[in-house]
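So the structure is just underneath, and the comments pick up after that.
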Amino acid sequence: MTRRALITGITGQDGSYLAEHLLSQGYQVWGLIRGQANPRKSRVARMMSELSFVDGDLMDQASLVSAVETVQPDEVYNLGAISFVPMSWQQAELVTEINAMGVLRTLEAIRIVSGHNGSRHAGSSGQIRFYQASSSEMFGKAAETPQNENTTFHPRSPYGVAKAYGHFITRNYRESFGMYAVSGILFNHESPRRGAEFVTRKISLGAARIKLGVQEKLHLGNLDAVRDWGFAGDYVRAMHLMLQREEPGDYVVGTGAMHSVRDAVRIAFDHVGLDWQDHVVIDPELVRPAEVEILCADSSRTRAELGWEPTMDFPELMRTMAESDLEHVAREQQYADLLLAGVW
Ligand code: NAP
Ligand code: F7E
């Protein structure tokens, strides 16, 4: 039987990579789409013609029940969230509604459609399996380095606090109702599809724009922050592997290598043949009210139990993103030239 997956956050970075991965594994895949004319839907639809869509919003319980009812999924991946940490200080309530309460609503939708523990129908042994996109931001002011599945949480932003709620409610529904519900505690993962507001993409895009003469300076905040950055395409494989285990459990996913924002800048600017010190401006406005200084994953359990390994290291990732952005910016310039010439 063809397995069916429902993905919230389909229009985001991870949603697109996960959908591609599941389609390649023979799944039928539905993406949850919010809004009456979501402009990002057509972009993801163009990438994958086999993808189906269902309407819904993590703010709206009935829409999630209806989505689960329609899709009758074997697996639900909850990737939908406001994922940009600084926004969580500006709109803490909204972020909490989506990133925390949205998890509860999705778990409840599964229970409402499928019964107490997510079994699809009486007598069926198959359960709907649920994946929650937890985050290394829950470790925040980390109690130890590297961080593993047992490291205490000390979130430093409303985003991290909301993710901690999502994490614990997922575990709670597993322990209370016997649901097959797991959290992947994923460290930062990037790609050419990363939103331009996140630091790696801001840097790769900035380096490409400066190289091609469409931008002069790149404004950044704290260059000393250290992260464990990996490639998003590798991390979605871990999400899928987590739902294939016989016993549900939570896993940390990261590369185990630490780099600073300054390293990211240096690699991207070197790649495009520029000296970053001539172009980067430190902007105090971009420094966060409470910073997460250092994060690094101890993924030994994930590697041992899931057989998961990352395929791309950080320097290669930054160079790949910078190269992709050189092409992206050059294409943008071509369109602009055609528009100016009155061809369009
Ligand atoms: P992303 O690119 O920002 O995508 C977020 C997705 O959430 C978008 O598809 C967005 O859809 C959707 N969304 C926002 N509000 C929603 C709502 N009210 N109802 C339904 N969908 C909604 O994020 P990502 O990088 O792919 O990350 C995926 C998940 O992993 C997120 O939960 C994030 O917090 C978590 N995470 C990410 C990382 C990372 O480094 N990337 C690390 C750890 C955890 P619209 O198009 O409608 O806005
Ligand atoms: O910041 C520093 C900033 O916004 C990384 C999300 O996917 O990963 C991501 O959260 C670091 C921070 O990602 C700028 O202060 C310096 O220390 O790329 P970021 P994030 O906040 O780590 C986690 C795991 C998630 O779960 C989140 O959803 O870079 N930094 N200067 C800057 N950051 C940004 N964005 N812009 C700057 O100009």
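Quick notes on this structure:
- In this structure, G166 does not satisfy being part of a loop (DSSP other than H, G, I, E, B), small (G, A, S) and within 13 Å of ligand 1 (Cβ to nearest atom).
- A single entry from L104, L94 fulfils the requirement of being in a helix (DSSP H, G or I), away from ligand 2 (no atom under 16 Å from the Cβ), aliphatic (A, V, I, L, M) and in the same structural domain as E75 (by TED's automatic domain parsing): L104.
- Taken over segment 167-219, the residue count meeting the criterion of being within 21 Å of W229 (Cα to Cα) and among the small types (G, A, S) is 9.
- Subset of segment 36-61 [loosely packed, with under 15 Cβ neighbours inside 10 Å, closer than 13 Å to G12 by Cα and not charged (D, E, K, R)]: P39, S42, M47
- Summed over segment 77-94, residues that are within 16 Å of the chain's Cα centre (by Cα) and either loosely packed, with under 15 Cβ neighbours inside 10 Å or more than 25 Å from E190 (Cβ to Cβ) (or both) total 2.
- Only one of F153, F177, F187 that is surrounded by fewer than 22 Cβ atoms within 10 Å (Cβ to Cβ) and within 14 Å of ligand 2 (Cβ to nearest atom): F153
- Yes/no for A143 being in the same structural domain as D60 (by TED's automatic domain parsing), more than 23 Å from M242 (Cβ to Cβ), over 19 Å from the mean Cα position of the chain (by Cα) and modelled with pLDDT under 95: no
- The helices (runs of 4 or more DSSP H) found wholly in segment 1-79 and carrying at least 3 residues that are farther than 28 Å from R201 by Cα, at pLDDT 95 or above and in the same structural domain as E93 (by TED's automatic domain parsing) occupy 61-71.
- Each residue in segment 209-263 was checked for being among the hydrophobic types (A, V, I, L, M, F, W, C) and closer than 30 Å to Y173 by Cβ, and 9 of them qualify.
Here's the yes/no breakdown for (1) in contact with a helix residue (DSSP H, G or I) (Cβ under 7 Å, 6 or more places away or on another chain); (2) within 14 Å of ligand 1 (Cβ to nearest atom); (3) charged (D, E, K, R):
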{"site": "L218", "(1), (2), (3)": "yes, no, no"}
{"site": "R227", "(1), (2), (3)": "no, yes, yes"}
{"site": "V236", "(1), (2), (3)": "yes, yes, no"}
{"site": "M239", "(1), (2), (3)": "yes, yes, no"}
{"site": "M242", "(1), (2), (3)": "yes, yes, no"}
{"site": "Y251", "(1), (2), (3)": "yes, yes, no"}
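- One residue from A181, A208, A122 being more than 30 Å from A336 (Cα to Cα) and either within 19 Å of the chain's Cα centre (by Cα) or at pLDDT 95 or above (or both): A181
- Just so you know, in segment 190-200 the residues that are surrounded by 21 or more Cβ atoms within 10 Å (Cβ to Cβ) and more than 13 Å from the chain's Cα centre (by Cα) include one that is farthest from ligand 2 (Cβ to nearest atom), and it is T200.
- Pairs where the first residue, in segment 214-225, is in contact (Cβ under 8 Å) with a residue 24 or more places away in the chain and the second is of a type in the set (A, V, I, L, M) and within 16 Å of ligand 1 (Cβ to nearest atom), C-beta under 6 Å, 6+ apart: L223/V261; A225/V261
The values are calculated or read from the model by the stated rules, or taken from the named source; none is laboratory data. Please read these numbers as outputs of a predicted model, since none were measured by experiment. FYI the Cβ positions are ideal-geometry reconstructions off the backbone, even for glycines, and counts take in every protein chain you see.
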